[in-house]
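Some notes on the structure that comes next.
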Amino acid sequence: MKFHSKRIKTFFIILCIMFFSGGCHNYYMANRPKATQVSQKASIVDSLNKQGRYFILRSGSQAYYIDDIVLSDDRKIMQCTLDTLPNIHQLYLTRGRTGKMQYKVRDPVDMNVLNEVHFYIAPDNSLTAGAYTLQLDQVQKIEVIEKDRKRTTASYILGGLAIGVGATAAIGIIAAASYTPPPTQTPPNLACSPQVYTADNNKSALNGTMCSGAIYASLKRTDYLPVNIMNANSGKLNLILRGEKNEELMMKDFRLIQVTHNADQKILIDKNGLALAYEHPVTPEHAFIGAGKDVVNDISAADEKYYSFTNEGGNGSSNVVLDFKKPLGVSSGRLIIRGKNSQWAYYVFNEFKKLYGRYYHSLIQKKDNENPAKVLQCEIDQSLPLLVSVKDGKDWKLVDYFFTPGNAAARDMIMQLNLDDFKNEDHIQIKLQTAYMFWDVDYTAVDFSNNKAMSVSHIMPSQFYKSGDVSQPSQFSKQDTSYMHINGNEQLHLAFNLNNSADEKSYTYFLSGNGYYHDNTLFKEKPMLTELRKCSGKGGFDRFSRRKFEEVLAGGNHQQNDSKDFETLK
């Protein structure tokens, strides 16, 4: 058997990352506060209601959502409204105390269970939805659903042991091919945020990441994320946006963009907010990553067979050169790509942030207040976006770039190309360029057909609330310039009423929103000035990514802290 060393190395890194992102479970539990007195029950209602908890009334096999809670003056009676319990709040009901009581940390539908409070009363077959009076002395038991930290921690420890066994077996296999194993640590969390999900009853589907890479206020932007419609007949779209544990999201100006078009058209919105149609995309004839190295088979179909920018592209980056056959006389085109950031990109960018150590938050504050054009140019100089150039004679002309889409899911993106200078050419070459192993590209094509007419409408949210808070539609005023803050594992819920009709037209939807986010992870180490200096200048991040990859392959990290004053970096 013939082994290709670069492919083996890449395979092992991906294998290692997969090991450490799986094998563990998250558990919830029912905490039962002591509440034998009516006054104690009233205090619990007060406290949990202020926290925005989701109240559920349990009576035998029945369960209702409790809303509009008001305690009587003597605090013995709870006036409320009972409503049908949605499927997204039936995880505890279906699994109960005898089940595994697991929830998926990346599934907002599952995570709703952590916000629930269950009130138990004696079986009452006369219960119906509507206004209801609950005598607190009738409450037999209260259960507050919380994360089961002990069981979750134990799962991760045991999972880690199982992972170690699996990694050892993999190392044995690779060793037969004269391979040096990677280190035993990679990050347990490998998905970018803010993530957007479509929710329908007890199901959810990840759409992708919104405003990915906008990690400073100076990088805030409006994004246009394609969204899935799980149930077009319902006339309503429910979306959930969430970040990670140590993140704070700052978001505003949400709206749903509905594009009405012919059935034979596909629609995407570019980074400038322009809706573009394509009908006859042409894949490249060749995709060169070096002399005689053609990866066209990797990027000519949306089949999750990626090219990951592993070549020596020069100028502090990796690249791929796409050669397209172009119709004569055509002076414009639309470049379509399907891609995402790689798992390696998430890992290596977190390693880069660690270089700043305890001063990382000072860096965030500094970057928040810098000139946005300067900060964005720094991103471009490091080839973090996917840079797009067109070959003009012997030179390459940078024409535009794609923002980072995150690594949670592959995303379809589009770019309008002005080809006036190539109107009489029958071929065109386009170069995609980024930092080493920072992007995975699945599919590339150019559509040279005319951009036909379509209609675009904007739908404002009918509901807008965070976690269990009350809907606040007043926040959608065009004059409102404030950002909503979503912290930790909080979730932002958005609901839209769809305007589709029963005609022969097709509809494509995009979530539009403006924002940025901060990583509030605390790094306690000293800044590594020597390493940071190596990353300075154009292409520095590409060099850092290559060094880290070689370190991982070598099985060690020999970076040293530099005790010099961090101020010298500024």
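Quick notes on this one:
- Accessible area in the full protein assembly, largest first, 1.4 Å probe, for Trp396, Trp439: Trp396, Trp439
- Modelled FRET efficiency - R0 30 Å, Leu328 with Lys293, Cβ distances, 0.05 increments: 0.55
- Residues of the stretch 252-274 with an amide N closer than 12 Å to a point placed 7 Å from the Cα of Asn499 along the Cα-to-Cβ direction: 256-260.
- Each Lys or Arg adds one and each Asp or Glu subtracts one; over the other residues with Cβ under 11 Å from the Cβ of Tyr65, this totals -4.
- Residue ranges 516-527, 452-463 sort as 516-527, 452-463 when ordered by packing (mean number of other C-beta atoms within 10 Å per residue, highest first).
- Segments 359-366, 29-36 sorted - mean Cβ within 10 Å per residue, highest first: 359-366, 29-36
- Full-extension gain in nm, Ile380 to Asn87, via 0.36 nm per residue minus C-alpha separation: 101.0 nm
- Dipole of the stretch 75-143, positive end: most advanced residue of Tyr103, Ile77, Ile121 [Cβ charges, Cα centre]: Tyr103
- Separation of the stretch 488-556 from the stretch 73-132 is 35 Å, based on Cα centroids.
- Förster-model FRET efficiency, 41 Å R0, Leu206 and Lys76, C-beta, rounded to 0.05: 0.35
- 15 Å beta-carbon shell around Ala232, net charge (K/R +1, D/E -1): 0
- Cα-Cα over 22 Å, subset of Lys50/Lys104; Lys367/Lys524; Lys34/Lys147: Lys50/Lys104
- Of the residues Phe254, Phe288, ranked by 1.4 Å probe accessible area with the largest first, the sequence reads Phe288, Phe254.
- Calculated FRET efficiency for the pair Glu279/Leu127, C-beta based, R₀ 60 Å, to 0.05: 0.60
- Our estimate of slack between Gln463 and Asn231, defined as 0.36 nm per intervening residue step minus the Cα-Cα distance, is 81.7 nm.
- Label zone at Gln138 (point 7 Å along Cα-to-Cβ), backbone N below 13 Å, the stretch 31-46: none
- Placing a label point 7 Å from the Cα of Asn262 along the Cα-to-Cβ direction, the residues of the stretch 503-527 with a backbone N closer than 15 Å are 504-507.
- Alpha-carbon centroid distance for the pair the stretch 296-329 / the stretch 232-257, whole angstrom: 32
- Computed label-point distance, nm, for sites Arg149 and Ala453 using a 7 Å Cα→Cβ extension: 6.2
- Highest mean packing first, where packing is the average number of other Cβ atoms within 10 Å per residue, the peptides 506-512, 432-438 line up as 432-438, 506-512.
- Positive-end residue of Val259, Val296, Pro284, charge dipole of the stretch 246-319 with Cβ unit charges: Val259
- Ordered by solvent-accessible area of protein heavy atoms (1.4 Å probe), largest first, the residues Ile336, Ile380 come out as Ile380, Ile336.
The values are calculated or read from the model by the stated rules, or taken from the named source; none is laboratory data. Here the structure is a predicted model, which means the values were calculated and not measured. For neighbour counting, all protein chains shown are included, and Cβ atoms are generated from backbone atoms with ideal geometry for every residue, glycine included. Quick note on the areas: whole protein, heavy atoms, side chains included, nothing else; ligands and nucleic acids left out. Shrake-Rupley method; radii C 1.70, N 1.55, O 1.52, S 1.80 Å.
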